[in-house]
Amino acid sequence: MTLLEADHVGFAYRGGKPVLEDVSLAVEPGRNVALVGESGAGKTTLLRLLLGLARPTSGVVKFDGQPLTRGRLRDYRRAAQAVFQDPYSSLDPRHTVGRIVAEPLRGLGLGADPARIADALDAVGLPADAASRYPHEFSGGQRQRIAIARAVVCHPRLLLADEPVSALDLTTRVRIVDLLSSLNVERNLTILLVSHDLGVVASLCQQTAVLERGRLVEQGDTASVLGAPSHPYTRKLLASVPRLPG
Amino acid sequence: MSLLTVEGLSIRNSSGAALVSDVSFAVAPGDRTGLIGESGSGKSLSALASVGLLPPGLTATGSVRLDGVDMIGAPERRRTGVRGRVASVVFQEPLTALDPLMTAGRQIAGPLRRFQGLKGEALRTAVRVALEEVRLTDTERIGKAYPHQLSGGQRQRVAIAMALACRPRLLIADEPTTALDVTVQAEILDLLDRLVDTHGTALLFITHDLPVVAKVARGAHVMRMGRIVESGPIIDLIARPSDPYTQTLVESARRFDAALGGAEGDSSGS
C-alpha cells in the first residue's frame, strides 16, 4: 500500500498566486523518493503539506491510503518524522542531546526510555554518552546525526528530509548519505528527500520527482529521470551540475 | 613577478591557537588559482589575510605581498590603497555582503567614484556599463533596487559588478556560488570565467567543491586544518591525488559524480 501520497494537491496563500498546482506524488514503502527543484519551486511548501504542518487548498494528502485528517495526525507523527537542513538551528542549544533525541517519545506519550535513546544514538553512529552532552560540543555532521537520531527514535516508517546534507562538507555529506542508506535498509525507513543536489539524489533515491514553479514536470525512476530526462527543465538542471573532469 | 605572494603565513586567534600554519602560495598576473578545503581548513582566512582583512582578534605572521605592498605590516592607509584597486573580493552570501540600506546602483558607484573619480553622468554611465557587463538586463530597475528586492543570482551579479568595476588585477572569490541554485551557479561560473578572461584578471577561487573549482581554475592548493597538504594542476589532483586527505576529498566527489553516471552533465574542465 502507498505510504504517503499527494493527490492532485494545490496550495496558495490567501489572495496569492498558487505555490503548488495539481501535484500528485506517491511514496511506496522502501522506495526512497527525491523531490528536486530550485529555490521557489515549492519543495518546502509541498513538504509542509506532506508533514501535515499546512493543509492543501485543493486536493488531498493521504497516509496509508486514507486522507490525513486532524484526527489521524497523532498516528502520522509516529509514522513520519522530519530532518531539516540546518543542524545548528534545529537543535535546542540548552537541552542535552538525550533530551533532544527523546522529544518525539515525550510528545507522543511513549515515555523517554533511556534504552530507546541509546538505541537511536547507536543507529546513527554516536556513542551512548553523547546523551549527556550539549549540541555545541558536536560538529555539523554530528549534529545532523543527532537530528536523525531524534527522527528515528520512535521507529517511524517514513523520514521526510529537507536538504539534510546541503549545509555539510563534502566528506561529511558522503557519510550522512551512507547513514541514511543504511537506515533505509536496516530500519525499513522510507526517505522522502528534498534536495537540489542531483549527485545526492542519485546516490540515495530510487525515484525522483522534479518540481518547477509549483508543478511536477517529470517523475519516475531516478535512473530514467536523470539518465534520460524528458523535460527541458530537468535537462537544464542536469546540464548545470558541475562534473569532475576526466 | 607574482601579483600576490604569500609566504609562511600563520594566523592565530586571541588565545594563541593556530588557525593557519605556514601557508605559502602565489598568484601571478592573469593566473587562476583555487584554494580547496572544507570548513575550518583556513582557506577563507588565508584569502582574507591576502587583502589584510582578517577579523578582529586574529593576528597574522609571515609575509603577504600584494602588488608589492606588505599586507601584514604596512600601515592601514597603504593597504586600503591596494584593496579595490589591485584586488577585490566576492563573498559567498551576497545578501550580507551588500549594504541592505543602499541601492545596487549606489553600491557599484562607490568604488567608481572613489578610485576613478567619476561623477555625474559619467558615473551613471559607468554603473550601467558595470551592470550590463554582469549580464543584468533591466539595468534601470536593478540599479534602483535594494538588495532584498533582488534574487540571489542578481545579488551575486551586483557583488561581482562592484568587485570588478575598477578593473582590479586580482579577484578573490570566496565560495561565490555555494548559496546559489545549481542553474544560477552554472551561469555565475560562466560569467566569472568570461570576465576574468576578458580583462586578464587573476583569480583566487576559494571553495570546498572540486568540480566547481575545476571549471574556473587551473592550479589549486588543498587545505586541511590550516595547512596546505597538496598543490598542483587540478586535473592532476583529481586524477592522481597523493595526500590521503586529497584522496578522501576526490573519492567523495567521485561518489556523487559517479552516481550521476553518464547523465548529460557538463563535464567541460577549465
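Read-outs throughout are calculated quantities, based only on the coordinates presented, and are distinct from any laboratory measurement. The structure presented is a predicted model; accordingly, all values stated were derived computationally and were not measured. No Cβ is skipped: glycine too gets one built from the backbone with ideal geometry, and neighbour counts run over all protein chains shown.
Relative to the Cα centre, the charge distribution of segment B:60-198, modelled as +1 at Lys and Arg Cβ and -1 at Asp and Glu Cβ, gives a dipole magnitude of about 780 debye.
Converting phi to 3J(HN,Hα) with the Karplus coefficients 6.51, -1.76 and 1.60 and the offset θ = phi - 60°, segment A:88-94 yields 8, 8, 8, 10, 5, x, 8 Hz in sequence order, with x at every glycine or proline. The mean sequence separation of alpha-carbon pairs under 8 Å and at least six residues apart, normalised by the residue count of chain A, gives a relative contact order of 25 percent. Mean separation of Cα pairs under 8 Å and 6 or more residues apart, divided by the residue count, gives chain B a relative contact order of 24 percent. Lys/Arg Cβ at +1, Asp/Glu Cβ at -1, dipole of the protein assembly as shown taken about the Cα centre: which of A:Leu73, A:Val152, B:Ser231 is farthest positive-ward? The residue sitting most towards the positive pole is A:Leu73.
Backbone geometry of segment A:74-82 corresponds, through the Karplus equation with coefficients 6.51, -1.76 and 1.60 at θ = phi - 60°, to 3J(HN,Hα) couplings of 5, 4, 5, 4, 6, 8, 10, 10, 10 Hz, x marking Gly and Pro. Residues whose amide H comes within less than 5 Å of that of A:Gly30, counting only those at least five positions distant or on another chain, are A:Thr190 (H built at 1.01 Å from N in the peptide plane). Each Lys and Arg adds +1 at its Cβ and each Asp and Glu adds -1 at its Cβ; summed about the Cα centre, segment A:175-233 shows a dipole of about 120 debye. Rounded to the nearest whole Hz, the Karplus-based 3J(HN,Hα) values (6.51 cos²θ - 1.76 cosθ + 1.60, θ = phi - 60°) of segment A:99-105 follow the sequence 5, 4, 5, 7, 3, x, 5, with x at glycine and proline. In a reduced charge model with +1 at each Lys and Arg Cβ and -1 at each Asp and Glu Cβ, segment A:1-140 shows a dipole moment near 540 debye about its Cα centre.
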